[in-house]
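The values are calculated or read from the model by the stated rules, or taken from the named source; none is laboratory data. Treat the numbers as computed from the prediction; the structure is a model and nothing was measured. No Cβ is skipped: glycine too gets one built from the backbone with ideal geometry, and neighbour counts run over all protein chains shown. What goes into the accessible areas is simple: the full protein's heavy atoms, side chains included, and nothing from ligands, DNA or RNA. Shrake-Rupley method; radii C 1.70, N 1.55, O 1.52, S 1.80 Å.
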Amino acid sequence: MGRQTLSSIAILLPLLTATANAASEAPRPRGVGPDFAKYYKDATSFTCVSNPDIKLDVSRINDDYCDCPDGSDEPGTSACSYISPLSPKQPSRYDPTKINDSQALPGFYCKNKGHIASYVPFTNVNDGVCDYELCCDGSDEWEGVGGIKCEDKCAKIGKEWKKQDEARQKSQGNANRRRKELVAEAERLRKEVQDRIETLHAQIKGQEVKVEALTKTLAEVERSEKGKVVRGAGKGGKLGVLTSLAKDKVNELADNLRTVRDERDAAKSKITELEAILKRFKEEYNPNFNDEGVKRAVKAWEDYAASQPVATDNSARDRDLEDLLNPASEGAIKWDEFEDNEESDVELLYKFEEYLPTPLRTWVDEKLRALRITLIENGILADTNTDSPESKRVTDARDQLSSAQRDLENDRSELTKHTEDLSKDYGPDFVFRALQGVCVNQDSGEYTYEHCFLDKTTQKSKKGGGHTGMGNFVRIETITVDEDLPADGKGLGSGERYALKYENGQHCWNGPNRSTLVVLACAEQDEIWKIVEEEKCVYRMEVGTPAVCGVKAEQPKGAPAHNEL
Ligand code: MAN
């Protein structure tokens, strides 16, 4: 059997302290703890603790011979140490009504005056080694085997322990205070979300009314704008539009006319040139050559010349044509005069209202508009606005409505976000809300690891290059751990612990997406204690935080607990 570790003392202590006051002053046989004193009260006989049928004479107690099957007749020697011991971590499991052959006592009792009483495994009794860790008074080596003498070191060890214990308690106190601050901060943040939700509810109500009103306004503006004659793309009213069309058409005709005139002039000069050639031909040809072809050509020319009318003077007509084609000439149409007419024909019509008294004017105006709208809506009058750009009034009304709708949408999605947030699990007293996004780093091997509470875990190569996502936060879990607590207290120990699960990190080549389980234990500050890659791309971090100090890890309702050995 191995020696008991420090952690087992911690488990034994409650048992010892709980009964310390009840310890009878009557002398007990060597090695018997106060919890078991009652079995050794009889001055003449002794009954084996778990085997009541076996009664012995008191002289058989501690006679270095194992008589009872449970070893209870040898509380102060190692004679019964071959019997399987009680689990050091569960001494209270002993049930005197059940007959069994495991040891009835948790070990040899060391009083350890000046420090804390403790049990030493029976195998350690008189084994020639001072077991100061468990038995600082050296009483387990009472026989002085091989001349060994274990002096009582409880005063020194007890003082040292007390100092360490004070430091531990101070640190625990700081951690608890820090947790209180975190809880207060978390509560403040939760309240902030609640307040925001209330504000958003009120804001949304107002905005819904506003959107409804603006929707109506837009419809009204659109309807009333239908009743107006809006100007065309050009200047002026209908006349302006017509002028613009006529101008384009006249300019097109003038261009064509100019082309035709130029072609005519070119043809004319060609005819003159050809006539001169034929004229010279007729004068200069030799009739004695009796060439039939030449004679026929001369005759044809003479016939052509004789049939031509006498040339008339067209210069006046050409001047008119020139005038017509020249936009700067006196007779040219002054398009600007028509285009600059800013007044639409309908506006001219409306102008007559100006001569009416104001109340009548408004009435006439309204009636005219309403009549026009009715005519449009009943298909009697064409809606002249359909192809025209939207009027400024309609655009403004539409913009206002769109902007109000946008605001409403934004507020609605913010409300959904906050409402969902309020129903999320933020751990005991919502404490993790205060740590959300807080990051801690730790070097380990070739990487620096980062844990950002309720956000993500990251692996950063010290050689540079990109960071590797080791998972994004998914939920809070509880797990059972069973580890020896290191002397500095920076570890998980044993019991139920809160754990934060991060999944769906960067994909692992030939493996899963990276994931991390962050197991939490109480500490004065947030810090990563240990990082292990348990399987390829499956990581486990042990993290200290004041957030879990003094709270019992409890699984949120409906979530399955995860066990880990
Ligand atoms: C990187 C790191 C390691 C991981 C391997 C898997 O080197 O993320 O933790 O095991 O990739 O290929």
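Odds and ends about this structure:
- You will find that of ALA499, ALA487, the residue that is of a type in the set (Gly, Ala, Ser), surrounded by fewer than 19 Cβ atoms within 10 Å (Cβ to Cβ) and more than 15 Å from the ligand (Cβ to nearest atom) is ALA487 and no other.
- For region 429-453, a residue qualifies if it is among the polar types (S, T, N, Q) and more than 23 Å from GLU181 (Cβ to Cβ), and the qualifying residues are GLN442, SER444, THR448.
- A single member of LEU408, LEU435, LEU415, LEU454 is over 26 Å from SER515 (Cα atoms), away from the ligand (no atom under 16 Å from the Cβ) and touching a Leu at 6+ places or on another chain (Cβ under 9 Å), and it is LEU415.
- Set GLY505, GLY466, GLY493: member being at positive phi and out of contact with any Pro (no Cβ under 6 Å at 6 or more places or on another chain): GLY493
- TYR132 falls short of the stated requirement of being touching a Gly at 6+ places or on another chain (Cβ under 7 Å), outside any helix (DSSP H, G or I) and within 30 Å of SER84 (Cβ to Cβ).
- Entry remark, region 254-307: residues being of a type in the set (D, E, K, R) and closer than 30 Å to ILE333 by Cβ number 8 in total.
- Filter pass, PHE453 being over 20 Å from LYS530 (Cβ atoms), surrounded by 14 or more Cβ atoms within 10 Å (Cβ to Cβ) and under 24 Å from the mean Cα position of the chain (by Cα): no
- Some residue of region 467-480 being aliphatic (A, V, I, L, M), within 14 Å of the ligand (Cβ to nearest atom) and open to solvent by less than 60 Å² (accessible area, probe 1.4 Å): yes
- Residue list for region 117-166, filter: open to solvent by 80 Å² or more (accessible area, probe 1.4 Å) and either touching a residue at least 60 places away in the same chain (Cβ under 8 Å) or among the polar types (S, T, N, Q) (or both): GLU133, TRP142, GLN164
- Filter result for GLU347 (outside any helix (DSSP H, G or I), within 60 Å of the chain's Cα centre (by Cα) and at pLDDT below 75): no
- Any chance GLN525 is at pLDDT 95 or above, open to solvent by 70 Å² or more (accessible area, probe 1.4 Å) and under 15 Å from PHE453 (Cα atoms): yes
- Residue list for region 50-68, filter: in a loop (DSSP other than H, G, I, E, B) and either in contact with a Cys (Cβ under 7 Å, 6 or more places away or on another chain) or of a type in the set (S, T, N, Q) (or both): SER50, ASN51, ILE54, ASN62, CYS66, CYS68
- Listed by first and then second residue, the pairs linking a residue in region 18-39 that is over 18 Å from ILE116 (Cβ atoms) and part of a loop (DSSP other than H, G, I, E, B) to a residue that is at pLDDT 50 or above and open to solvent by 60 Å² or more (accessible area, probe 1.4 Å), with Cβ atoms under 8 Å apart and 6 or more places separating them unless they lie on different chains, are ALA26/LYS41; ARG30/TRP142.
- Residue ID - farthest from the ligand (Cβ to nearest atom), chosen from residues in region 522-546 that are touching a helix residue (DSSP H, G or I) at 6+ places or on another chain (Cβ under 8 Å) and assigned to a loop (DSSP other than H, G, I, E, B): GLU524
- Exclusive hit being open to solvent by 100 Å² or more (accessible area, probe 1.4 Å) and either at pLDDT below 80 or assigned to a helix (DSSP H, G or I) (or both), set GLU275, GLU302, GLU330, GLU322: GLU330
- Looking at ASN510, ASN504, just one residue is within 16 Å of the ligand (Cβ to nearest atom) and at pLDDT below 95, and that residue is ASN510.
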